[in-house]
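Working notes for the structure below.
The values are calculated or read from the model by the stated rules, or taken from the named source; none is laboratory data. Quantities reported herein were computed from a predicted structural model and do not represent experimental measurements. We place every Cβ from the backbone using ideal geometry, glycine too, and count neighbours over all the protein chains shown. Just the protein is used for accessible areas: all its heavy atoms, side chains included, with ligands, DNA and RNA removed. Shrake-Rupley method; radii C 1.70, N 1.55, O 1.52, S 1.80 Å.
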Amino acid sequence: MIFQYVGTPMPGASKNKVITSALSAMALLCGVASAQNLLINGDFESDYTGRPAIGGQQFSTNVPGWQTTASDGKIEIWGDGFRGVNSANGTTTATDGGDYFAEINATQVSTLFQDVTFTEGGLIDYTFLHRGRGYNDPSTVINPDRLNDVMTFSITDLGANGTYDATDTVLFSRTVTTDNINDSNEFNGFALYQGVDIATAIAGGTYRFSYEAVSTGSGLVASGNFIDNAGFGITGVAIPEPSSTLLVMIGSIAGLVGYRRR
Ligand SMILES: [Ca+2]
Ligand SMILES: [Ca+2]
Ligand SMILES: [Ca+2]
Ligand SMILES: [Ca+2]
């Protein structure tokens, strides 16, 4: 079982980030999944013109990979520590949140998504981190009360026309509820959600990967639902044994270099 997500190194990226990305590239070469099968900027680390040092709202056209249903076209990216919320502090590529993450509720209830055309078919695995925000009081201090944010992750087959419309079929849907408190097995409050072989993709098919804000614990439409490290892989593709062995090694190495102190 291998999960892949790609982080595009940005200018000034830390050495660990570059190494991790290099390892991801190595894994790709081993045939787990083609590059076209991966989300772009699933870890929200890609740089873009005008990105503030600590985060803020941007038009989706400025954010690599991601689109939004928000009527104003805004996507909100937070930097590590912004308003007291730290990135996930895991030690693997799936759990290390790096320096940036996204708030789905940018200015309104919305969905972040990417449409991906597969070059090969197979069974889809997915992974993402989700965290509730809590209530943001006027002094911008995060309220410590335990409040749940709710998000639905879904994969939709966009059909023969490859575009989103009313005739499309939802292949998989999972609604997760995560609060704003750092519990055991979480990473600064970010909970890791994963699934294996949850839908079948066909070569040439186009699929929408959606992260939909359902509700926020605060009740505020512009505050809630942090996500990071969104990604997926294909396990239905035959992998030669030597590659599988190498991938296990790569995964171990990636876990080691992914560790970073805060
Ligand atoms: Ca990140
Ligand atoms: Ca917001
Ligand atoms: Ca369609
Ligand atoms: Ca929690």
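Note on the stretch 77-99: residues that are away from ligand 4 (no atom under 15 Å from the Cβ) and either under 11 Å from residue 227 (Cβ atoms) or of a type in the set (A, V, I, L, M) (or both) amount to 3.
Of all residues in the stretch 191-226, which are charged (D, E, K, R) and outside any loop (DSSP other than H, G, I, E, B)? Scanning the stretch 191-226 gives 208, 212. Scanning the stretch 166-188 for residues that are within 16 Å of ligand 3 (Cβ to nearest atom) and not hydrophobic (A, V, I, L, M, F, W, C) returns 167, 168, 169.
Right, residue 215: within 16 Å of ligand 2 (Cβ to nearest atom) and either acidic (Asp, Glu) or in contact (Cβ under 8 Å) with a residue 12 or more places away in the chain (or both) or not? When the stated conditions are applied, residue 215 passes them.
Flag set for residue 129, criterion: crowded, with 21+ Cβ neighbours inside 10 Å, of a type in the set (A, V, I, L, M, F, W, C) and within 12 Å of ligand 1 (Cβ to nearest atom). Any residue at all in the stretch 73-87 that is closer than 27 Å to residue 198 by Cβ and either touching a Lys or Arg at 6+ places or on another chain (Cβ under 6 Å) or open to solvent by less than 10 Å² (accessible area, probe 1.4 Å) (or both)? Among the residues of the stretch 73-87, at least one is closer than 27 Å to residue 198 by Cβ and either touching a Lys or Arg at 6+ places or on another chain (Cβ under 6 Å) or open to solvent by less than 10 Å² (accessible area, probe 1.4 Å) (or both), which makes the answer yes. Scanning the stretch 163-190 for residues that are surrounded by 14 or more Cβ atoms within 10 Å (Cβ to Cβ) and in a loop (DSSP other than H, G, I, E, B) yields 164, 168, 180, 181, 182, 186, 188, 189. When residue 151 is tested against (1) farther than 17 Å from residue 231 by Cβ; (2) in contact (Cβ under 8 Å) with a residue 24 or more places away in the chain; (3) within 16 Å of ligand 4 (Cβ to nearest atom); (4) not charged (D, E, K, R), just one condition goes unmet, and that condition is (1).
Among the criteria (1) in a loop (DSSP other than H, G, I, E, B); (2) open to solvent by less than 50 Å² (accessible area, probe 1.4 Å), the one residue 152 does not fulfil is (1).
Take the residues in the stretch 101-130 that are within 19 Å of residue 181 (Cα to Cα) and in a strand (DSSP E or B), then tell me which one is nearest to ligand 3 (Cβ to nearest atom). Per the criteria, the residue is 128. Annotation: of all residues in the stretch 194-238 being among the hydrophobic types (A, V, I, L, M, F, W, C) and open to solvent by 50 Å² or more (accessible area, probe 1.4 Å), the one that is farthest from the chain's Cα centre (by Cα) is 238.
Residue count for the stretch 191-213 under the criterion of being within 12 Å of ligand 4 (Cβ to nearest atom) and in contact with a His (Cβ under 7 Å, 6 or more places away or on another chain): the result is 1.
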